[in-house]
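Okay, so here's the structure we're looking at.
The values are calculated or read from the model by the stated rules, or taken from the named source; none is laboratory data. From a predicted model like this one, the values you see are computed outputs, not experimental measurements. So basically every Cβ, Gly included, is an ideal-geometry build from the backbone, and we count neighbours across all protein chains shown. Remember, those area values only see protein heavy atoms, side chains included, never the ligands or the DNA or RNA. Shrake-Rupley method; radii C 1.70, N 1.55, O 1.52, S 1.80 Å.
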Amino acid sequence: MAARLGLLARLPLCGQGRGRFLDCLHRHLSSPGTAILKREEPLAEPGLQEKTKKKTFSEVQKERHEQAQRSILISCPKKVPEKKLLKYLCQHGEITNHFFFESFGIHAVIEFSKKESIASLQDATSIPRGETEFPIPFKSRFFHLNLKNPPKQTSNEMLIQCSKQSSPLNSDLMQMLCNAESVEDQINSLMKILQITEENIRLRYLTCSLIEDIAAAYFPSCTIRPFGSSVNSFGKLGCDLDMFLDLDDIGKNGATKTGEPFLMEYQVKNVSSERWATQKILAVIGECLDNFGPGCVSVQKILHARCPLVRFSHQASGFQCDLTANNRIAMKSSELLYIYGSLDSRVRALAFSIRCWARQHALTSSIPGAWLTNFSLTIMIIFFLQKRSPPVIPSLDYLKNLADARDKCIIEGNDCTFVSNLDKIKPSENTETLDVLLYQFFEYFGNFAFNKNSINIRKGKEETKPDSSPVHIQNPFEPTLNISRNVNESQLERFVHLARESAWILQEDKGQSSKSSNHPWGLAALLLPSVSNKSKAKKPGRGSTSEAVRKLLESIKADSSKHPTATREKRTSSP
Ligand code: GTP
Ligand code: MG
């Protein structure tokens, strides 16, 4: 049996005194079997805070980071005595929020109102000791609930509600799309179902925070921050967790104290470049995660990639994680997408449906290759929305002109300045519906002159292509780089072909007076394989997608024939 290092602390749950703990429990527990004790307002979801001042990206990140530092993760047995667990934890301080989820067993996320509660809990918790367990002196925030007397029967109290962590495209979802009133309705419903939830966002920040605890053993002032789709507002349930090891504060502190007579001896030794330093730092953290990281499995150090990274699976949260360092431009790109996603509700809705369409037809994949990435596709969507008349969103240059002194940001010689205060940006005068925008997107890119034009969201205009790559999308912050240089001719052809087919399907639907709930139409029709059947080029990774969706279609038809009343009037009821 493999030896296990004792980083995962055990919470014993035995009889506790009542009194103040029950008071505390009653204050929070809404009803038996309810997973969430007290739901706070989400910190900042786009569109929800129209009347109050919108939070900036860094404000949201800061609050979430602080919230994660007050939280813990608990691996629980199958039957969780929720009340008892909360009663026990209340001894250490007030709990502001909690939820359960499933990933290799049941887990709980508990958020205390104060960080000190965690220290109190850690002091009271035992570290596993056994013949195959070798504890190390490290206080983890990942606990294991060890029931002394596990309940024999499942009572109502044991029935916890688990928060949703994934949302596959299945027959229920397709049926719901068929039941919608309009394409706009379909797009909004798809986004609501697929987007990452409040709990999933908390779990992402908590996972970063748990990794930060480990990295902090080497670099005490470091921060691990999520970026990419976990934070840019385009995240779909199940998307990877991109993490950035931020050592910048350490550098800043060193650089600012110029008048002091002492210099601190603290540097990466024997390296000739920043890239090499990044590789060394990631190698050390990767080794540490592999040997001591609670819940971290399949750790791979991919240090010779263009952007060196450590890839691992965080089993307890269920996230596939990519840890990078020295990647500040990607962080700025995430902030820019967050701003575009927050400016107008149509941006995210459109991006969700187009990203979902592209994944369904294997135009994008989680495996790197000669196809479009979600990042490139999102930049194309942003470009298309900048090109509408009047524009739905402004150009990056316009956002730069609105920036003030605090927004100034130069990274490695690249100007990454743009406004951070969302309230300074005027709302769009464009009133086009999502139906129109979706159709126009396919029309636009089905006929785009990829052979001579480059996509440039900084100017919001196409430019002459500087090289012969099939697709040229200018990196918004490193203008000499093409973010889609990996895309080959046959992938471009597939994209153009599918865009034209999809425009044609939407156009055809428009002509029909009645939409049927047992025949996929609008967005549902676009997600079916028939759109891609004619495409002959090699597809990335997931060749079986079409087969899966074909089965979905068959199951919808089978369901409809089982329930003959499920026809048009059903679409008036809410899904
Ligand atoms: P998912 O597919 O949902 O994970 O989308 P994502 O936006 O998180 O993409 P991904 O995980 O591939 O990359 C994470 C982030 O890295 C992106 O959001 C970008 O900020 C950045 N990034 C990815 N690819 C490129 C690229 O080719 N060039 C540049 N400059 N940045 C990139
Ligand atoms: Mg990602």
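Okay, here's what the table says:
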{"quantity": "Candidate aspartates and glutamates - alpha carbon under 15 Å from residue 87, same-chain residues fewer than 8 apart omitted", "calculated": "23, 111, 157"}
{"quantity": "Qualifying trypsin sites (Lys or Arg not before Pro) in the range 90-141, DSSP loop, other Cβ atoms within 10 Å at most 16", "calculated": "114, 115, 129, 139"}
{"quantity": "Extended-chain gain in nm, criterion 0.36 nm per residue less alpha-carbon gap, residue 366 and residue 320", "calculated": "15.5 nm"}
{"quantity": "Packing-based ranking, highest mean first, of 351-362, 300-311 given that Cβ atoms within 10 Å are counted", "calculated": "351-362, 300-311"}
{"quantity": "The range 323-457 - percent of accessible surface contributed by carbon and sulfur, probe 1.4 Å", "calculated": "50"}
{"quantity": "Value of Rg/Rh across the range 435-504 [Cα atoms, Kirkwood radius]", "calculated": "0.99"}
{"quantity": "Gyration tensor (alpha-carbon) shape descriptor, the range 379-493, a/c threshold 1.5", "calculated": "oblate"}
{"quantity": "Net lengthening on full extension, residue 264/residue 52 (0.36 nm per residue, minus Cα-Cα)", "calculated": "71.8 nm"}
{"quantity": "Those aspartates and glutamates that a straight Cα-Cα span of less than 15 Å connects to residue 510, excepting residues fewer than 8 apart in one chain", "calculated": "181, 184, 185, 435, 443, 501"}
{"quantity": "Entries in 387/408; 79/164; 164/400; 115/192; 236/301; 236/387 that, when Cα-Cα distance is taken, lie over 28 Å", "calculated": "164/400; 115/192"}
{"quantity": "Segment residue 120-residue 276, length gained on full extension (0.36 nm per residue, minus Cα span)", "calculated": "52.1 nm"}
{"quantity": "Theoretical FRET efficiency, 1/(1+(r/R0)^6), r = Cβ-Cβ of residue 489 and residue 406, R0 41 Å, to 0.05", "calculated": "0.40"}
{"quantity": "Accessible area (Å², per residue) of the range 428-490, counting only protein heavy atoms and a probe of 1.4 Å", "calculated": "46"}
{"quantity": "Relative contact order of the range 272-373, pairs being alpha-carbon contacts under 8 Å that are 6 or more residues apart, as %", "calculated": "14"}
{"quantity": "Cβ-derived FRET efficiency at R0 22 Å, residue 292 paired with residue 131, nearest 0.05", "calculated": "0.70"}
{"quantity": "Under 14 Å from the Cα of residue 139 - aspartates and glutamates, other chains or at least 8 residues apart", "calculated": "116, 123, 212, 213"}
{"quantity": "For residue 407, net neighbour charge (Lys/Arg +1, Asp/Glu -1) across residues whose Cβ lies under 12 Å away", "calculated": "+2"}
{"quantity": "Summed residue charge, Cβ within 9 Å of residue 322's Cβ, Lys/Arg positive, Asp/Glu negative", "calculated": "-1"}
